[in-house]
Amino acid sequence: RPHSTKTKTSSMAMLQTSASAAYASSGTRTLRRRGAGGGRARNSRTTHQVRRSGSTQCRAEAVPLRSGAEAGGDGGAKLVIAVTGATGFVGKKLVETLLAEGHEVRILTRNSVTARIALPQAALRGAKFYAHDSGASGAMEWSDAVKGCTGVVNLAGAPISDPWNEDYKKVLVKSRLAATKRISDAINRLPEGERPNLVSSSAVGYYGISDNDTFDEDSRPGNDFLAKLCVQWEEAALMAQTANTTVIRTGVVLEKGGGALGKILPIFQLFAGGPLGSGEQWLSWIHRDDLVGIIMAALKDPATFSGVLNATAPEPTTMGGLCDAVALALNRPNWLPVPGFAVKALLGEGATVVLDGQRVLPKKTEALGYQFQYPTVDKAMAAIAK
């Protein structure tokens, strides 16, 4: 086990970034793991279901497959979308996509000045900014922002990648629940016929951790801290009494410039890359373009895409499989693993985010017609490395 300062610095960078906001490190090198292709125990019951509005779930054969660029079917109608978490890794791309398609964007933030600085192009292209603070005026400003919207996207939440202690676990909970309840309250203040549809983020951490089970949208929640947080997070979204609510359980989001790959890629470029822990833990991942594509599908066709959707690629990988794909795309070695005890020393209880995982499939997401642009990690990394 190397002990040089350079190696420790590289290891810490990898640890902090691999625990992405998606919570769920889960994945699979199918060829390296026995039984990865099927026959796994499947949890078919659910005790926590998203409220559906009206019609039953669409059948796969009745819905044409749609890629992220094609998802929707609104015939080009202009949307008016309010977004929380717009300055984050996913939020920035979503805002960019909405504006590029000619939709109106309203950014809900704690501080409109810092948000404008973080999103200068959005400000120049006409996005409107609404601040919320602890005072009544801030609360009213968010209520004003959702009035007249066709949809609201809730991506707010403190990063999961920081080291955990009891105080920070409270921050993780409060940042998600407070923002989500604030959105639900703002929607509910409007007359029933004027309430926008809601697309609210969750995470595959909902399912807990497992080496053996495969999870889909109908699976039951786990019992660990992240699973319980996700349950509360989703319940806060369901407080919105609107026609359609979509809850998106997101895996580890991949793209250069941020997320799990923001610092992993530079480390591999320096010939110092390697997996965290054993490398055999599942990693349920998604390319950022596909995550934004799923959100756009829910905004454009809310009745079809309502309920719970897993935002994970159809082919999960493992931590080692991700590192293999990174190494292949960059033509660099994958040789310097970070042992589990070192991860725990740096992240404490939060080490579970990168050392444990779950195999999650987007069963309903695909059945409803979404066609992934990046179904395999090799394809995703080849595009990201360009």
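Applying a threshold of 7 Å to beta carbon distances and a minimum spacing of six or more residues, or different chains, the list of pairs starting in region 354-367 at a residue that is among the small types (Gly, Ala, Ser) and ending at one that is surrounded by fewer than 19 Cβ atoms within 10 Å (Cβ to Cβ) reads 367/60. The set of residues from region 103-112 being open to solvent by 30 Å² or more (accessible area, probe 1.4 Å), outside any loop (DSSP other than H, G, I, E, B) and modelled with pLDDT under 95 comprises just one member, 112. In the condition set (1) touching a residue at least 60 places away in the same chain (Cβ under 8 Å); (2) in a loop (DSSP other than H, G, I, E, B), residue 145 is compliant with all but (2).
Does region 180-201 hold any residues that are touching a residue at least 60 places away in the same chain (Cβ under 8 Å) and either of a type outside the set (Gly, Ala, Ser) or open to solvent by less than 10 Å² (accessible area, probe 1.4 Å) (or both), and which are they? Don't jump to the end; show me each part of the working.
Step one: of region 180-201, the residues touching a residue at least 60 places away in the same chain (Cβ under 8 Å) are 183, 196-197, 199, 201.
Result: 183, 196, 197, 199.
Of all positions in region 330-339, none carries a residue that is closer than 27 Å to residue 103 by Cα and among the aliphatic types (A, V, I, L, M). For region 292-301, give me each residue that is open to solvent by 10 Å² or more (accessible area, probe 1.4 Å) and either in contact with a helix residue (DSSP H, G or I) (Cβ under 7 Å, 6 or more places away or on another chain) or closer than 17 Å to residue 202 by Cβ (or both). Scanning region 292-301 gives a single hit, 299.
Here's the yes/no breakdown for (1) open to solvent by 10 Å² or more (accessible area, probe 1.4 Å); (2) modelled with pLDDT of 95 or more; (3) at positive phi:
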{"site": "231", "(1), (2), (3)": "yes, yes, no"}
{"site": "235", "(1), (2), (3)": "yes, yes, no"}
{"site": "242", "(1), (2), (3)": "yes, yes, no"}
{"site": "275", "(1), (2), (3)": "yes, no, no"}
{"site": "278", "(1), (2), (3)": "yes, no, no"}
{"site": "286", "(1), (2), (3)": "no, yes, no"}
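Scanning region 351-373 for residues that are touching a helix residue (DSSP H, G or I) at 6+ places or on another chain (Cβ under 8 Å) and within 25 Å of residue 277 (Cβ to Cβ), we see that the one that is surrounded by the most Cβ atoms within 10 Å (Cβ to Cβ) is 360.
Among the residues of region 47-61, is any farther than 23 Å from residue 230 by Cβ, of a type in the set (D, E, K, R), open to solvent by 70 Å² or more (accessible area, probe 1.4 Å) and at pLDDT 50 or above? Working first, answer last.
So in region 47-61, the residues farther than 23 Å from residue 230 by Cβ come out as 54-56, 58-61.
Adding the requirement that they be of a type in the set (D, E, K, R) leaves 59, 61.
Subset that is open to solvent by 70 Å² or more (accessible area, probe 1.4 Å): 59, 61.
Subsequent filtering for residues that are at pLDDT 50 or above retains none.
Taking every residue of region 47-61 in turn, none turns out to be farther than 23 Å from residue 230 by Cβ, of a type in the set (D, E, K, R), open to solvent by 70 Å² or more (accessible area, probe 1.4 Å) and at pLDDT 50 or above.
Each residue in region 149-168 was checked for being assigned to a loop (DSSP other than H, G, I, E, B) and open to solvent by less than 50 Å² (accessible area, probe 1.4 Å), and 8 of them qualify. Checked against the criterion of being open to solvent by 40 Å² or more (accessible area, probe 1.4 Å) and either in contact with a Gly (Cβ under 7 Å, 6 or more places away or on another chain) or not acidic (Asp, Glu) (or both), region 309-320 has no qualifying residue. Of the candidates 115, 86, 77, the single residue that is hydrophobic (A, V, I, L, M, F, W, C), farther than 25 Å from residue 158 by Cβ and either free of Cβ contacts under 8 Å to residues at least 60 places away in the same chain or not in a helix (DSSP H, G or I) (or both) is 77.
Taking the stated definitions as given, is residue 272 more than 18 Å from the chain's Cα centre (by Cα) and hydrophobic (A, V, I, L, M, F, W, C)? Taking the combined requirement at face value, the residue satisfies it.
State all residues of region 345-368 that are of a type outside the set (A, V, I, L, M) and in a helix (DSSP H, G or I); if no residue qualifies, say none. 348, 349, 350, 352, 363, 364, 365, 366, listed by residue number. Screening region 99-112 for residues that are in contact (Cβ under 8 Å) with a residue 24 or more places away in the chain and not charged (D, E, K, R) and picking the one that is farthest from residue 186 (Cα to Cα) gives 102.
The values are calculated or read from the model by the stated rules, or taken from the named source; none is laboratory data. Everything quoted here is computed from the prediction, not taken from an experiment. For neighbour counting, all protein chains shown are included, and Cβ atoms are generated from backbone atoms with ideal geometry for every residue, glycine included. Heads up: the accessible areas ignore ligands, DNA and RNA and are worked out on the full protein's heavy atoms, side chains in. Shrake-Rupley method; radii C 1.70, N 1.55, O 1.52, S 1.80 Å.
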